[in-house]
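Enquirer: Below you will find the structure I want to go over with you.
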């Protein structure tokens, strides 16, 4: 059968090209040209896009800037983070409830002005590392108070970590919250009582294995 | 304002990419000796020799369709086997078990048909081998098949009194060697430079600020990502697709991803103009696509910016809908991405469509229901809009009482019959399957967005309508709240969505090839004073009119029950 031979041989050769040689070349090229980006080892470094902050209840941690609420969960079988948005429709009751709860937490933390919408809505990936400069700005007084820094000093750090739109028209102005928090720790380490609380929280988190996973 | 600059620059760069790429593809498919062929020609000839392909022996439309079906069937079986055997194969760092039978069926159909509907989450279901071989192979193959069919149809239009449309294997090998693979190689490396990962190492773990350990899966993402976009496939490596910071890290990577979705479909307009020797006709088709695209971009941007009053009432400063959107993209880059991905048959997402406002979410729905001809899938968009062109010319002929004629070829009843089949099959598939989803307990069980106490809600209806629209149109994006695979109901959505994807792909391709074969046989007569011109604004207007009227008449009732009712509820 001519058709059979053509089908099998073309499929096999294209498989080798597209699924063997091509990814191999990309992997080799990436390792040579961009080794750090390729392995994802930039997490927590400048230029990193990935969040490293999974506060179960962020309001426990006044010393850190709070990021966006997350719809991501941890897969109980493998322990890896399962990226996901909430998928709430605009009229879903849970959307309203969660935004209201988040607004209340922010008000309780001392925020008085308008609350930027990105700080109370879940991102698409559940791993969004960024906030709008406004959403960071309303948290500055709390950070300054909790860390015993001046607001101007915190403001200076925020300004260093604020990125504008790329080329002036791509993407929104934003602040990488993880990098900002790491910079805070570098500038003024958290108080001993806070460090102790954090260690306890980590211990209890690892003790209670397999967190509940929400519906994808 | 940023949004205007963004959208304008996007279209400008699209044209700048489409012209050289389109001209290059004309030369590739004509078998000319371009520079890259001087380098890779040995490989090309080697493949023909090994497979026993005679370069100069062309296929009739039936033989072309037969080879296409044989190739698609075999590659679908390969993917099914890889998914079912992934626990026995290497590159499985998180020790995942075999993919469940129905899920493997659905996924193999999904990638074979260029749909890339994902009933699974990448992180928790697929090994690196399944991603890189089982899925990435189809990202290339299904794109290649689509382009072959489009070229065969254009050849049918351009030729006079011939029985053949070209050799499927030759077209397929050339499109891989000279178009898809070289572009992807450079594109993937660009993505890595932006922060898309490309590694075979297992998950990365680190201590989060609160002391807990966070672990995120890695893998060969960049190589898959490049062809996922360029081939308008859209199946994400991670569950969050192009919203994941490792799949689409920066606004620049986002811009290039959008561009790469429409690059080949837009370039095919140039190829069309070249091959039928009427560049202005190619640009007229480009213009019709652009017009519909702009309507969608304006609507999506407007409704997402205006947002959801619920957010403002709950205490946010503005109602702008950022639920399900990433801060680095905001509304402008998300809305544009949504129109690009659903106008093409891509289906990658950088924002969650399920969380769009009702009318913002209507835009991607309608884009798919119009048949994905707003640039469309690679190849699929071109042959899709050419079917509409044939209908438009036919209607114009009826209106003035002349024999309809397109590019010097009389349109006969056989052409119109197959064109009607092409338009009717998706309509039946979308509406009947949606009805089945709503009438069965298994179908309703997958719906996430319900009213208080689980009462039926227009958004739940939209989730089901979106699923079958996306599957039939071979798009693959979702109102992702819908659970399409669960251990309680493993069969219903896997089977029905799988059928919808097949119905929306192969019968339509066969109809297109039948038209192509019929056209090729006809004698090319020079255009006369009575021919309907297909290169001016009147033609663009007529084409847009036919597309919108056919789409609107077919789907308005369904859209009224879903997004439109929900919009009224939201704003009252």
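Enquirer: Could you check the spin-label model distance between residue A:155 and residue B:495? Points 7 Å from the Cα along Cα→Cβ, value in nm.
Expert: Inter-label distance under the simple model: 6.6 nm.
Enquirer: Moving on to the next point. Order the peptides A:169-180, B:104-115, B:383-394, A:66-77 from the highest to the lowest mean number of other Cβ atoms within 10 Å of their residues.
Expert: By packing density, highest mean first, the sequence is B:104-115, B:383-394, A:169-180, A:66-77.
Enquirer: Rounded, prolate or oblate for the protein assembly as shown? Axes are the square roots of the Cα gyration tensor eigenvalues, ordered a ≥ b ≥ c, and the cut-off for rounded is a/c under 1.5.
Expert: Prolate shape, in that a/c is at least 1.5 and a/b is the bigger ratio.
Enquirer: Given contacts defined as C-alpha pairs under 8 Å and at least six residues apart, what's the relative contact order of the range B:216-346, whole-number percent? Write down the numbers at each step before the final one.
Expert: Working: 123 pairs, mean separation 35.9, N = 131.
Once divided by the residue count of the range B:216-346, the mean separation gives 27 percent.
Enquirer: Something else: For the protein assembly as shown, what does the helix formula give at 222 nm: sum of -39500 (n - 2.57) over DSSP H segments with n ≥ 4, over the residue count, nearest 500 deg cm²/dmol?
Expert: Only helices count here, giving -18500 deg cm²/dmol.
Enquirer: Calculate the FRET efficiency for residue B:488 and residue B:571 from the Cβ-Cβ distance with a Förster distance of 45 Å, rounded to the nearest 0.05. Display every interim value, and only then the final one.
Expert: Working: r = 36 Å, r/R0 = 0.81.
The formula returns an efficiency of 0.80 here.
Enquirer: Hey, another quick one. So what's the gap between the Cα centers of the range B:434-497 and the range A:173-199, to the nearest angstrom?
Expert: Cα centroid of the range B:434-497 versus Cα centroid of the range A:173-199: 43 Å apart.
Enquirer: Which order, highest average first, do B:448-459, B:155-166, B:315-326 follow once you tally other Cβ atoms within 10 Å for each residue and take the mean per peptide?
Expert: Sorting B:448-459, B:155-166, B:315-326 by mean packing, highest first, produces B:315-326, B:155-166, B:448-459.
Enquirer: Give the order of A:19, B:148 when sorted by the count of other beta carbons within 10 angstrom, beginning with the fewest.
Expert: Ranking A:19, B:148 by Cβ neighbours within 10 Å, fewest first, gives A:19, B:148.
Enquirer: Round to the nearest 0.05 the FRET efficiency obtained for residue B:201 and residue A:25 when R0 = 25 Å and r is the Cβ-Cβ distance. Intermediate results must be reported in sequence, preceding the final value.
Expert: Details: r = 18 Å, r/R0 = 0.73.
Computed FRET efficiency for residue B:201 and residue A:25: 0.85.
Enquirer: Same structure, new question: Gap in Å between the Cα centre of the range B:242-274 and the Cα centre of the range B:505-572?
Expert: The range B:505-572 and the range B:242-274 have Cα centres separated by 24 Å.
Enquirer: Moving on to the next point. Would you mind calculating the relative contact order of the range B:409-481 from Cα pairs under 8 angstrom and at least 6 residues apart, reporting the percent as a whole number?
Expert: Result for the range B:409-481 is 28 percent.
Enquirer: Looking at the square roots a ≥ b ≥ c of the eigenvalues of the Cα gyration tensor of the range B:435-572, which shape do they give, rounded for a/c under 1.5, prolate if a/b is larger than b/c, or oblate?
Expert: Note, shape of the range B:435-572 comes out oblate.
Enquirer: Cα centroids of the range B:142-202 and the range B:93-131: how far apart, whole angstrom?
Expert: Answer, in whole Å: 23.
Enquirer: With a ≥ b ≥ c the root eigenvalues of the C-alpha gyration tensor of the range A:58-207, is it rounded (a/c under 1.5), prolate (a/b larger than b/c) or oblate? Spell out each step's value before the answer.
Expert: Details: a/c = 1.44, a/b = 1.10, b/c = 1.30.
Note, shape of the range A:58-207 comes out rounded.
Enquirer: Could I have the simple spin-label model distance between residue A:100 and residue A:166, label points 7 Å from Cα toward Cβ, reported in nm to one decimal?
Expert: Placing both labels 7 Å beyond Cα along the Cβ direction yields 4.0 nm.
Enquirer: Moving on. Before anything else, pin down the relative contact order of chain B: Cα pairs under 8 Å, at least 6 apart, normalised by residue count, whole percent.
Expert: On the way: 1038 pairs, mean separation 112.4, N = 572.
Rounded, it is 20 percent for chain B.
No value in this document is a laboratory result; all are computed from the given coordinates. On a predicted model such as this, the values are computed, not experimentally measured, just so you know. FYI the Cβ positions are ideal-geometry reconstructions off the backbone, even for glycines, and counts take in every protein chain you see.
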